[in-house]
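Shown next, in structure tokens, is the structure this report addresses.
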Amino acid sequence: MTAEYKVHGPVAVITLANPPVNGLGLSTRQGIVDGLNRANDDAAVTSIVITGAGGAFSGGADIKEFGTDKSLQEPNLHSVIAAVENSPKPVVAAIHSVCMGGGLELALGCHYRVAAPGCSVALPEVKLGILPGAGGTQRLPRVLGVEAALNMIVSGEAIKSEMIGMLPGQKLFDKLVASPEELAAEALAFAQSVADVRPLPLVRNLPCKHPQGDAYFQFARNMVKGMSKNFPAPAKCVDAVEAATKRKFADGLLFERELFINLMWTPESRSLRHLFLAERAASKIPDVPSDTPKRDIKAVAVIGAGTMGGGIAMNFLNAGIPVKMLEMKQEALDRGIATIQKNYEAQVKKGKLKQDKYEQRMALLSTTLSYDDLKDADLVIEAVFEEIGVKEAVFKELDRVMKPGAILASNTSTLDVNKIANFTKRPQDVVGLHFFSPANVMKLLEVVRGDATAKDVLATVMAIAKKIKKTAVVSGVCDGFIGNRMIEQYGRQGGFLLDEGCTPEQVDKAMEKFGMAMGPFRMGDLAGNDIGWAIRKRRYTEKPDMKYSKTADLLCEKGRFGQKTGAGWYDYVPGKRDAIPNAEVVKMIEDHRASLGITPRKISDEEIVQRLVFALVNEAAYILEEGIANKASDIDVVYIFGYGFPVYRGGPLNYADEVGLFNVVQAMNRFAKNPLDDAAFWKPAPLLAKLAAEGKTFN
Ligand code: 3HC
Ligand code: NAI
């Protein structure tokens, strides 16, 4: 049982004990009900306290149980809360640290609530694509007022206990104790003080009205419209809270339950729940146990103060870690520092950063032209030109000066990390840290594990990634690692689509309608079309049999590299990011098509989306098979956090699972018959073919 029962004098204490956050899984729910029965059967007990062990009262329903039989088994959360409400002896929730979702709903079912300060209180279900399903939408408005409750439910954001609940007119907490250390004793005393109160107070009996009624809910619906374009849950939250104001409590509860169950079955909710677990699973590496000792990272060095070096440095400064930047020339250092200053100043101007914080961060930054000044750094990240000779020179210098045990990282996006590691006499200390541009903004960090990379180096960089608020995913060594290796196939399909009859605008619009933050051509313009061009030129000699559209090369030959040259697939006005279609580019595509003797055909948005996304999926299947990615969900995390894949689709492999792998393979077989496409590529990767044949999924 994952709930403990103890008696302290006349008070029975039920302690939820289901680490890490006391999720209300079956065994915990059973433990609560058993504890209530024991306490009510014991004549010596006059009141009951429910609290949580460790770092949480409760983080809510056990997300890992969703979709399994256990989530349906009695006692379900409704039955548990009913048992609490119906307890003849008073039940007091002693709330601390984290009180969320079903945990808050359980507390709201208790007769009284005593809270510690600093507790994060939330109904975050909307972030999982659902709504509170155990009375939260009906009870929270009764203790907080309709508007405050609806705000919490629709945003899912946590509020600290000391900020809410004790304001005039609000009844969320009956007592807020002075400090978390006093909670246990104060809750026991409070429980004894209410032992004889009858009838026992129930939140369900409190009134629930909004003075402006219909007008307020109309306003609320308008407010959530924008945020809920692709997410069904927020609008349903409004419906449920409105029901709390209009229906009898029991009817409201039934209505909430119906909405909850319907939302639970939506692909959006499945995707969001998948991502919640996927993001957390990404930090776990199968053969690196969580208790692997970590190296101390107190000081960081960055080599190269260019586009990436500056952004990388900012991440550490933001986390309060000192950074020393090295460049070849003082001018380059000055330019790099000026860019960092400019970025911070823009944040100060927008009110996102306080002046004193900005100054503190800049004070942590120092510069040097000499490698000897780096010897005290615990982690050095190289972000110099993408040329193997330059990397070799840098890593040889680092090997010479860095103290033993320092971690030597490269931000290379295409070079072989094993080769770089072998430029040193300590390949075990070398790792790839592939940040995405802009490095101070993008959440994804690909951690590239070389053949020799030590386990404690991996454990350390995964921990430091969390500290600088990045979502890290481990990739093996291969050309492009996980993300860029897949995007190459996506880009290749984009090229074929132009040759067959599409315009860049049509392809981009179809992908943006699908939910991508940016279509492939707008993305090319942002990243710089010259990067893809350089890779293709390499491929033409490395893989002469690989089929490519030549259209993008023609564009680059015109110097249209994208936003940085003011012109790419689209035109750009200085200072603006709007992509303006260009007639000459369209003509260039048409002329090239004609030169190949292709009669353009009308291509549906559905075909565009399928070809681009399934190209990602097929390459991902190879990546999984080769062990470059540890698990399918890691690939989804890469695409969500690094490539603007729509959150509500849960990543390319989750999307493929939703479509059904049988259907994905069927579509690939169709694409393989298109003479203008690449039949060889569309042969499903063996892993994909196997899963599809067995009726299985990636995740
Ligand atoms: N169920 C199961 N596991 C949970 C969980 C939950 N509700 N909430 C967190 N966890 C697990 C995580 O998966 C992770 O596990 P791991 O160590 O094995 O990877 C561990 O707890 C720690 O989580 P975080 O890494 O997120 O730790 P933080 O300290 O940063 O955050 C937290 C803790 C604030 C509780 C955060 O995890 C969180 O926001 N959790 C989600 C809470 C939530 O959405 N609750 C609502 C659930 S739905 C519900 O209650 C339905 C009801 O209305 C019927
Ligand atoms: P950049 O050209 O903007 O900056 C490189 C900097 O390194 C320059 O300031 C240069 O003076 C300095 N430098 C060159 N040789 C040096 C040396 N021997 N010692 C010290 N400093 C030296 O390049 P960018 O874009 O910042 O790229 C750096 C690295 O990051 C490359 O390996 C690149 O592949 C990788 N990368 C780039 C991304 C991008 O979008 N720009 C994304 C992810 C990785």
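The table below gives the values:
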quantity: Residue list for the range 360-415, restricted to those being out of contact with any helix residue (DSSP H, G or I) (no Cβ under 8 Å at 6 or more places or on another chain), of a type in the set (D, E, K, R) and open to solvent by less than 50 Å² (accessible area, probe 1.4 Å); calculated: ASP378, ASP399
quantity: From ALA158, ALA185, ALA178, residue being farther than 24 Å from ILE261 by Cβ, surrounded by fewer than 24 Cβ atoms within 10 Å (Cβ to Cβ) and without any contact (Cβ under 8 Å) to a residue 12 or more places away in the chain; calculated: ALA185
quantity: Residue match in the range 21-40 (condition: over 28 Å from PHE249 (Cβ atoms), of a type in the set (A, V, I, L, M, F, W, C) and modelled with pLDDT of 95 or more); calculated: yes
quantity: Residue check for ALA313: open to solvent by less than 20 Å² (accessible area, probe 1.4 Å), free of Cβ contacts under 8 Å to residues at least 60 places away in the same chain, within 27 Å of TYR639 (Cβ to Cβ) and of a type in the set (Gly, Ala, Ser); calculated: yes
quantity: Residues satisfying the stated conditions in the range 458-517, i.e. of a type in the set (Ser, Thr, Tyr), within 30 Å of ASP429 (Cβ to Cβ) and in a helix (DSSP H, G or I); calculated: THR460
quantity: Residue match in the range 228-246 (condition: part of a helix (DSSP H, G or I), within 16 Å of ligand 1 (Cβ to nearest atom), open to solvent by 20 Å² or more (accessible area, probe 1.4 Å) and not assigned by TED's automatic domain parsing to the domain that holds LYS631); calculated: yes
quantity: Per-region count, the range 339-359, residues away from ligand 2 (no atom under 11 Å from the Cβ), touching a helix residue (DSSP H, G or I) at 6+ places or on another chain (Cβ under 9 Å) and open to solvent by 40 Å² or more (accessible area, probe 1.4 Å); calculated: 8
quantity: Only listed residue being surrounded by fewer than 14 Cβ atoms within 10 Å (Cβ to Cβ) and either closer than 30 Å to ALA667 by Cβ or at pLDDT below 95 (or both), chosen from ARG593, ARG577; calculated: ARG577
quantity: Tally of residues being touching a residue at least 60 places away in the same chain (Cβ under 8 Å), in a helix (DSSP H, G or I) and within 8 Å of ligand 1 (Cβ to nearest atom) across the range 99-135; calculated: 6
quantity: Filter result (open to solvent by less than 40 Å² (accessible area, probe 1.4 Å) and more than 16 Å from ligand 1 (Cβ to nearest atom)) within the range 317-338; calculated: LEU317, ILE321, VAL323, MET325, LEU326, GLU327, ALA332, LEU333, GLY336, ILE337
quantity: Any strands (runs of 3 or more DSSP E) falling wholly within the range 381-451 and containing at least 3 residues that are not small (Gly, Ala, Ser); calculated: 430-435, 444-448
quantity: Residue that is outside the structural domain of PHE231 (by TED's automatic domain parsing), touching a strand residue (DSSP E or B) at 6+ places or on another chain (Cβ under 9 Å), over 30 Å from GLY129 (Cβ atoms) and not acidic (Asp, Glu), where the choices are GLY568, GLY575; calculated: GLY568
quantity: Test: residue in the range 275-290 that is within 16 Å of ligand 2 (Cβ to nearest atom), touching a residue at least 40 places away in the same chain (Cβ under 8 Å), in contact with a Gly (Cβ under 8 Å, 6 or more places away or on another chain) and part of a helix (DSSP H, G or I); calculated: no
quantity: Filter result for GLU65 (in contact with a helix residue (DSSP H, G or I) (Cβ under 6 Å, 6 or more places away or on another chain), closer than 18 Å to PRO20 by Cβ and within 8 Å of ligand 1 (Cβ to nearest atom)); calculated: yes
quantity: Yes/no for ARG221 being without any contact (Cβ under 8 Å) to a residue 40 or more places away in the chain and surrounded by 13 or more Cβ atoms within 10 Å (Cβ to Cβ); calculated: yes
quantity: Residue count for the range 424-437, restricted to those that are open to solvent by 40 Å² or more (accessible area, probe 1.4 Å) and either at pLDDT 95 or above or away from ligand 2 (no atom under 15 Å from the Cβ) (or both); calculated: 2
quantity: Hits in the range 280-310 - residues which are among the polar types (S, T, N, Q) and surrounded by 14 or more Cβ atoms within 10 Å (Cβ to Cβ); calculated: SER283, THR292, THR307
quantity: Residue match in the range 74-84 (condition: closer than 27 Å to ALA278 by Cβ, within 27 Å of the chain's Cα centre (by Cα) and not hydroxyl-bearing (Ser, Thr, Tyr)); calculated: no
quantity: Residue count for the range 136-159, restricted to those that are touching a Lys or Arg at 6+ places or on another chain (Cβ under 7 Å) and within 8 Å of ligand 1 (Cβ to nearest atom); calculated: 1
quantity: Any hit, the range 83-91, residues being within 14 Å of ligand 1 (Cβ to nearest atom) and assigned by TED's automatic domain parsing to the domain that holds ASN205; calculated: no
quantity: Residues of the range 560-584 satisfying the condition of being within 18 Å of ASN529 (Cβ to Cβ), out of contact with any helix residue (DSSP H, G or I) (no Cβ under 7 Å at 6 or more places or on another chain) and part of a helix (DSSP H, G or I); calculated: LYS564, THR565, GLU584
quantity: Output for the range 421-467, where each listed residue is out of contact with any Gly (no Cβ under 8 Å at 6 or more places or on another chain) and either under 18 Å from GLY389 (Cβ atoms) or among the hydroxyl-bearing types (Ser, Thr, Tyr) (or both); calculated: ASN422, PHE423, THR424, THR453, THR460
quantity: Among residues of the range 13-56, those that are under 32 Å from the mean Cα position of the chain (by Cα) and part of a loop (DSSP other than H, G, I, E, B), counted; calculated: 13
quantity: Conditions (1) open to solvent by 10 Å² or more (accessible area, probe 1.4 Å); (2) within 14 Å of SER271 (Cα to Cα): number failed by GLY651; calculated: (1)
quantity: Considering residues of the range 247-301 that are away from ligand 1 (no atom under 14 Å from the Cβ) and touching a Cys at 6+ places or on another chain (Cβ under 9 Å) only, the residue nearest to THR471 (Cα to Cα); calculated: GLY252
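Residues are listed down the side, and each one gets a yes or a no for (1) open to solvent by less than 50 Å² (accessible area, probe 1.4 Å); (2) in a loop (DSSP other than H, G, I, E, B); (3) of a type in the set (A, V, I, L, M); (4) not assigned by TED's automatic domain parsing to the domain that holds PHE496:
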residue: ARG536; (1), (2), (3), (4): yes, no, no, no
residue: LEU555; (1), (2), (3), (4): yes, no, yes, no
residue: VAL586; (1), (2), (3), (4): yes, no, yes, no
residue: ARG601; (1), (2), (3), (4): no, yes, no, no
residue: GLU607; (1), (2), (3), (4): yes, no, no, no
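The values are calculated or read from the model by the stated rules, or taken from the named source; none is laboratory data. Please read these numbers as outputs of a predicted model, since none were measured by experiment. We place every Cβ from the backbone using ideal geometry, glycine too, and count neighbours over all the protein chains shown. Accessible surface is based on the protein model in full, side chains and every heavy atom, while ligands, DNA and RNA are left aside. Shrake-Rupley method; radii C 1.70, N 1.55, O 1.52, S 1.80 Å.
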